[in-house]
Amino acid sequence: MPRSADQTFTLESVLNDLRDAGTEANRAGMARFGIETDRAFGVPLSVLRPLARSIGASPDLARELWASGFHEARLLAILLTPPRHLTPELALEWLNDIGSWDLCDQLTNVLARRAGSNELVPALAADEREFVRRAAFALIAWRAVHAKKAPDSEFLDYLQVIRTANFVWKAVHWALRQIGKRSLPLHGAALELAEDLAVSGNRTARKVGAAAVRELSSEKVLSRLNKAQDV
């Protein structure tokens with residue numbers, strides 16, 4: 001699929017490459033994971049990532065690929081868009097089109113690397129649409145990983161967002177765990193919230209809390225945080 005340096009990638013050529021790389025077996029696998037496949041070729045990320053590296057950063061091509069509406073074309077569009085080009089306006093425009101968790105998570109992975117992306121969290125968390133709301137908590141989780149210079153106070157504020165979440169439970173659980181694994185001070189606050197949720201009257205909240213308590217109380221997590229504190 002990758003082309004030589006003297007070949008040009010166009011919307012048509014990339015879509016043809018995606019069609020050629022897709023398989024029914026991969027489409028079936030996507031469906032099993034809850035991804036709609038009506039406009040999917042069946043191309044895994046293990047193929048899309050090398051293709052993205054061959055193309056290189058290309059915001060203009062990315063917009064064309066997104067507009068095509070094909071699932072893998074949209075995943076590729078995200079991979080071709082550097083964080084500085086993923087403006088809040090563009091991120092919100094693309095989130096309005098999203099109907100699957102993998103597009104949501106890949107988009108927020110890029111968005112989290114952009115300074116100021118934390119400002120989107122409150123509005124996303126208040127949105128009633130499933131994947132826009134999921135984006136809030138996926139963005140929190142990714143910022144816990146990528147926003148190395150962000151203060152702990154940012155993540156402490158997110159704990160209240162998590163406490164009052166209208167649950168998209170997998171993303172909320174992910175966000176809570178990542179906050180708790182960022183630093184020892186955050187670990188204590190996140191674990192306390194997880195313990196509160198674990199005894200909540202809400203079944204989904206209990207599931208989130210119990211799973212987070214298990215991971216945040218693990219010897220592996222505690223050992224890594226203590227080592228990081230000593231450095």
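The values are calculated or read from the model by the stated rules, or taken from the named source; none is laboratory data. What you see is a predicted model; the values in this text were computed from it and never measured. Positions of Cβ are generated from backbone atoms using ideal geometry, with glycine treated the same way; all protein chains shown enter the neighbour counts. Just so you know, the surface numbers come from the protein's heavy atoms only, side chains and all, with ligands and any DNA or RNA stripped out. Shrake-Rupley method; radii C 1.70, N 1.55, O 1.52, S 1.80 Å.
When region 72-101 is filtered for residues that are surrounded by fewer than 17 Cβ atoms within 10 Å (Cβ to Cβ) and under 19 Å from Met30 (Cβ atoms), the ones remaining, listed by number, are Asp97, Gly99. Taking region 71-96 as the range and being not aliphatic (A, V, I, L, M) and not in a helix (DSSP H, G or I) as the test, the residues that pass are Thr81, Pro82, Thr87.
Within region 12-26, being buried (at least 17 other Cβ atoms within 10 Å of the Cβ) and free of Cβ contacts under 8 Å to residues at least 24 places away in the same chain holds for one residue alone: Asn26. Taking the stated definitions as given, is Leu107 of a type outside the set (D, E, K, R) and crowded, with 20+ Cβ neighbours inside 10 Å? It is true that Leu107 is of a type outside the set (D, E, K, R) and crowded, with 20+ Cβ neighbours inside 10 Å.
Please specify each residue of region 30-44 satisfying the condition of being under 18 Å from Gly99 (Cβ atoms) and open to solvent by less than 60 Å² (accessible area, probe 1.4 Å). Across region 30-44, the qualifying residues are Met30, Ala31, Gly34, Ile35, Thr37, Ala40, Phe41, Gly42, Val43. For region 118-133, filtering for residues that are under 13 Å from the mean Cα position of the chain (by Cα) and either over 15 Å from Trp174 (Cβ atoms) or not in a helix (DSSP H, G or I) (or both) leaves 1.
Total residues in region 142-167 satisfying the condition of being free of Cβ contacts under 8 Å to residues at least 12 places away in the same chain, open to solvent by less than 80 Å² (accessible area, probe 1.4 Å) and either touching a helix residue (DSSP H, G or I) at 6+ places or on another chain (Cβ under 7 Å) or in a helix (DSSP H, G or I) (or both): the figure is 1.
The set of residues in region 168-181 being open to solvent by less than 70 Å² (accessible area, probe 1.4 Å) and of a type outside the set (D, E, K, R) consists of Val168, Ala171, Val172, His173, Trp174, Ala175, Leu176, Gln178, Ile179, Gly180.
The set of residues in region 1-16 that are at pLDDT 95 or above and among the charged types (D, E, K, R) contains only Glu12.
Checked against the criterion of being acidic (Asp, Glu), within 23 Å of Phe137 (Cβ to Cβ) and either open to solvent by 80 Å² or more (accessible area, probe 1.4 Å) or in contact with a Cys (Cβ under 9 Å, 6 or more places away or on another chain) (or both), region 49-67 has no qualifying residue. Across region 134-170, the number of residues qualifying as closer than 20 Å to Pro88 by Cα and within 12 Å of the chain's Cα centre (by Cα) comes to 13. Against the condition hydrophobic (A, V, I, L, M, F, W, C), touching a helix residue (DSSP H, G or I) at 6+ places or on another chain (Cβ under 6 Å) and either open to solvent by 20 Å² or more (accessible area, probe 1.4 Å) or touching a residue at least 60 places away in the same chain (Cβ under 8 Å) (or both), how does Phe137 come out, does it pass? No; evaluated as a whole, the condition is false for this residue.
Contact list please: Cβ distance under 7 Å, first residue in region 208-231 and under 11 Å from Glu195 (Cα atoms), second residue of a type in the set (Val, Ile, Thr), pairs at least six apart or on different chains. Short answer, once both residue conditions are applied: Val208/Val172.
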